[in-house]
Each structure stands twice: as C-alpha cells, then as structure tokens.
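Here is the structure we will look at.
The values are calculated or read from the model by the stated rules, or taken from the named source; none is laboratory data. Keep in mind the model is a prediction, meaning the values are calculated, not measured. Heads up, the Cβs are rebuilt from the backbone with ideal geometry, glycines too, and the neighbour counts pull from every protein chain shown. The accessibility values were calculated without ligands, DNA or RNA, using every heavy atom of the protein model including side chains. Shrake-Rupley method; radii C 1.70, N 1.55, O 1.52, S 1.80 Å.
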Amino acid sequence: MLSAGVIVLEYVCPLMGCIFANLMFSAPFNDVRSATKNGTLGCLNPTPWAMMTGNCSGWVTYSYLIQNHFVFWANAPGLVLSIWLNMAAVKLQYCDRMSQSMRSSFVQLLDNNRKSFKVSELDRRALGDKYEDDDVSGAPNSFANLRKMALDITIQKIEAPAP
C-alpha cells in the first residue's frame, strides 16, 4: 500500500502541475480570439508564443523518452495551442500589413484620378479645409459610392477590402 506522502508527491503534485501548466498555456486564448474578431493584432506580443512552441515541443519529446505521462499531458495541449496562437499571429500580422497597404494604395489611386470624381457638398463639408477645389463640376457622378468607400477607408470608418 502506498503512503500518503508517496501519493501526494507522485500523483497529486504532478497532476496539479498539469492543470496549472495548461491554464498558463491557455491564458492568451481569449485575447487572440478577440484580436482575430477585430482583425488586428493590436498590442499583443506574439514572441512568447514562438518560445512556447519550442518549449512544449522539447518537453513533449523528453516525456516520450522518459515515458512520463504527467510531463506529456502538461505540455502536449500547450504545443497544439501554441501552434494555433502562432498561426493566428501570422494571419493577423499579414492582415494588418495588407490592410495598411491596401488603404494607402487605394487612396493613392483615387488621388491620382481625382478629376474623374464629382465631389458633393456633403463631402466638401466632411473634408473641411482639406478639400482642394479642382474644378470637377463637369465630372460624371458614377463613382459616388466608390468615393464614399474611399473616404470611409481613409478615415478608418470601415476596414480596407481584403486582398
């Protein structure tokens, strides 16, 4: 029969270590989900997640070599979660960069072709002092929706179109 000290040291403490390790690895989960919903990484730092992948893969390999289930179950979920966190960070960094690139290129395109657009009084009031009157009175009004979308993207009311 096992003594209480052996049970605590060989089963209870390692089990609590598994639980606490998995709680620690899952800590950024909600922040990454909300960042994914918002479409931007924001102030989240993804560097620890890369370290978490290396750490967990090393411990999972070590647990296989020593045949210790507690070490394995303390790190295997963290390995899977860290891969997901890193993939989400890559996606969000790509979206941030592409969103800024699309926004600037779209605004530059409109600026280069501004004589094609007719500016309404509402847009003139919205732009205020930034509006330059370029004598576009004879321009066609077929790009009104495009102008509104460009204005909303420029002042970041809406996200830039996906690439």
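Observations, loosely collected:
- Percent carbon-and-sulfur accessible area, the stretch 1-41, ignoring ligands, DNA and RNA, probe 1.4 Å: 70
- For the set Thr36, Thr47, solvent exposure ranked by accessible area (probe 1.4 Å, protein chains only) runs largest to smallest as Thr47, Thr36.
- When restricted to Cα atoms, the stretch 1-91 yields an Rg and a Dmax of 16.0, 57 Å, respectively.
- Accessible area per residue for the stretch 9-83, computed on protein heavy atoms with a 1.4 Å probe, is 66 Å².
- Within the full protein context, the accessible area of Ser57 is estimated at about 50 Å² for a probe radius of 1.4 Å.
- Projected label distance in nm at Asn45 and Leu2, using a 7 Å step from Cα toward the beta-carbon: 4.0
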